[in-house]
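**Q** First the structure, then my questions, so here it is.
The values are calculated or read from the model by the stated rules, or taken from the named source; none is laboratory data. From a predicted model like this one, the values you see are computed outputs, not experimental measurements. Using ideal geometry, Cβ is built from the backbone for each residue, glycine included, and neighbour counts are taken over all protein chains shown.
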Amino acid sequence: MKLLVTGGAGFIGSNFIHYWLKNHPEDDIVNIDALTYAGNLSSLDDIADNPHYRFVKGDITDINLVESLVAEVDTIVHFAAESHVDRSILNSADFVRTNIEGTRVLLDAAKRHGGIRFHHISTDEVFGALDMNGEKFSENTPYDPRSPYSASKAASDHLVRSYFHTHNLPITISNCSNNYGPYQYPEKLIPLFITNLIDNKAVPVYGQGINVRDWIHVDDHNRGIDLILSKGRLGETYCLGGDSEQSNLQITKNILSLMDKSEKMIEYVGDRPGHDLRYAIDFSKAKKELGWEPQINFADGLAQTVAWYRNNESWWRPIIHSKIQNLNN
């Protein structure tokens, strides 16, 4: 296969490239990434010289560039997205441009080049929120996005599906729960808390920390994408969950315990506007049709993630230093 991976310098995308080259060493990958704040080429230093890998700095809304790259491949795996909810609340413009318009540009290029296989990575946040005892999200859950971020992802999902029905483009979609693991930008909850605690700083918990998320290790997620590409039915959506529901306060206490820190390090802060109470995913369709289910136990995966950030300060510390410099300028 010849794959175009969008957003491959980001968290999930960079892990996907590592996964793919390890498990499909004869395939070729072209990685397009605009290297915005969350893109980090150092996540891919170890494969930079791999003859089966090529990086192109560029924006997925650049029609001419996208056309030239799509002409070289037979599969598109579309990770590129603005994805931080808090940033979307402050300013939604980049989310609309990248997540909706960027997806349209890719879809049109895939259509023009003979119907390129297109897999679109989405999120469980498009489904809205669950109460504490409600049924989990599934492929049949109505869309009910609550933030500008999730609204932009919902729009891109609908756009992808429309190209299947209107243009017979061979698409699939996956909606996943919260990912965690190595190379995650340290403004997200788990890496933020780990890196703060390494520096003996407090960890900010929204409200009372009661909001619940279903956590999936990034390697389990990428294994699911692999199976969707090889076995998934065209036009279908597959939900990928970690079967690991945790409240934000539980996550916080787990990290504190792993790092031998006191609960005095918790700083309760004002809640996020429109903060969804609970996300959880029913992955029974993926299990039945693809033989997929998460393999990495959350406690083990979290311990591995803490160890990774402890052992890779050279990766995350320059990011934090750059953020501080930008705030001071």
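**Q** Just wondering, is there one or more residues in the range 197-217 that are in contact with a strand residue (DSSP E or B) (Cβ under 6 Å, 6 or more places away or on another chain) and assigned to a helix (DSSP H, G or I)?
**A** For the range 197-217, residues in contact with a strand residue (DSSP E or B) (Cβ under 6 Å, 6 or more places away or on another chain) and assigned to a helix (DSSP H, G or I): absent.
**Q** Output the qualifying pairs, or none if there are none: Cβ atoms under 7 angstrom, residues six or more apart or on different chains, first residue in the range 253-276 and in a helix (DSSP H, G or I), second residue among the basic types (Lys, Arg) and modelled with pLDDT of 95 or more.
**A** If the second residue must be among the basic types (Lys, Arg) and modelled with pLDDT of 95 or more, the pairs left are Glu263/Lys253.
**Q** If you go through the range 291-301 one residue at a time, do you hit one that is farther than 21 Å from Asn211 by Cα and among the aliphatic types (A, V, I, L, M)?
**A** Yes, the range 291-301 contains at least one residue that is farther than 21 Å from Asn211 by Cα and among the aliphatic types (A, V, I, L, M).
**Q** Restricting attention to the range 304-311, does a residue exist that is in contact (Cβ under 8 Å) with a residue 12 or more places away in the chain and outside any helix (DSSP H, G or I)?
**A** no
**Q** Tally up the residues in the range 95-115 that are closer than 15 Å to Val77 by Cα and surrounded by fewer than 22 Cβ atoms within 10 Å (Cβ to Cβ), please.
**A** Total satisfying the criteria: 5.
**Q** Between residues in the range 146-157 that are without any contact (Cβ under 8 Å) to a residue 40 or more places away in the chain and residues that are aromatic (Phe, Trp, Tyr) and buried (at least 24 other Cβ atoms within 10 Å of the Cβ), which pairs lie under 7 Å by C-beta distance while being six or more apart or on different chains?
**A** none
**Q** From Ala109, Ala80, grab the single residue that is in contact with a strand residue (DSSP E or B) (Cβ under 7 Å, 6 or more places away or on another chain) and closer than 28 Å to Lys231 by Cα.
**A** None of the other options fit; the residue is Ala80.
**Q** I'd like to know if the range 250-268 contains one or more residues that are of a type in the set (Lys, Arg) and within 20 Å of Asn175 (Cα to Cα).
**A** no
**Q** Return the residues of the range 112-123 that are assigned to a strand (DSSP E or B) and either out of contact with any Asp or Glu (no Cβ under 8 Å at 6 or more places or on another chain) or over 15 Å from Ser230 (Cα atoms) (or both); say none if nothing qualifies.
**A** Phe118, His119, Ile121, Ser122, Thr123
**Q** Ok, one more. Report, ordered by the first and then the second residue, all pairs with beta carbons closer than 6 Å, sequence separation of six or more or different chains, a first member in the range 72-97 that is under 22 Å from Leu192 (Cα atoms) and of a type in the set (S, T, N, Q), and a second member that is surrounded by 16 or more Cβ atoms within 10 Å (Cβ to Cβ) and at pLDDT 90 or above.
**A** Matching pairs, first to second residue: Ser88/Phe95; Ser88/Tyr149.
**Q** Another question about this same structure. Filter the range 18-34 down to residues that are touching a strand residue (DSSP E or B) at 6+ places or on another chain (Cβ under 6 Å) and of a type outside the set (S, T, N, Q), then give me how many there are.
**A** Total satisfying the criteria: 4.
**Q** Can you list residue pairs whose Cβ atoms sit under 6 Å apart, with the first residue in the range 206-229 being without any contact (Cβ under 8 Å) to a residue 60 or more places away in the chain and the second being part of a helix (DSSP H, G or I)? Count only pairs 6 or more apart in sequence or on different chains.
**A** Close Cβ pairs satisfying both conditions: Gly209/Asn248; Gly209/Leu249.
**Q** Does the range 130-143 contain any residue that is part of a helix (DSSP H, G or I) and more than 29 Å from Gln295 (Cβ to Cβ)?
**A** No: zero hits.
**Q** Hey, among the residues in the range 41-74 that are in a loop (DSSP other than H, G, I, E, B) and among the polar types (S, T, N, Q), which one's surrounded by the fewest Cβ atoms within 10 Å (Cβ to Cβ)?
**A** The selected residue is Asn50.
**Q** Here's something else I'd like to know. So is Pro273 under 24 Å from Arg146 (Cα atoms) and crowded, with 17+ Cβ neighbours inside 10 Å or not?
**A** No.
**Q** With the condition kept exactly as written, say whether any residue in the range 194-205 is at pLDDT below 95 and among the charged types (D, E, K, R).
**A** no
**Q** Follow-up. Would you confirm whether any residue within the range 170-177 is buried (at least 21 other Cβ atoms within 10 Å of the Cβ) and outside any strand (DSSP E or B)?
**A** Yes, that holds for at least one residue.
**Q** Consider Ala38 carefully, then state whether it is of a type outside the set (D, E, K, R), buried (at least 20 other Cβ atoms within 10 Å of the Cβ) and assigned to a loop (DSSP other than H, G, I, E, B).
**A** The answer is yes for Ala38.
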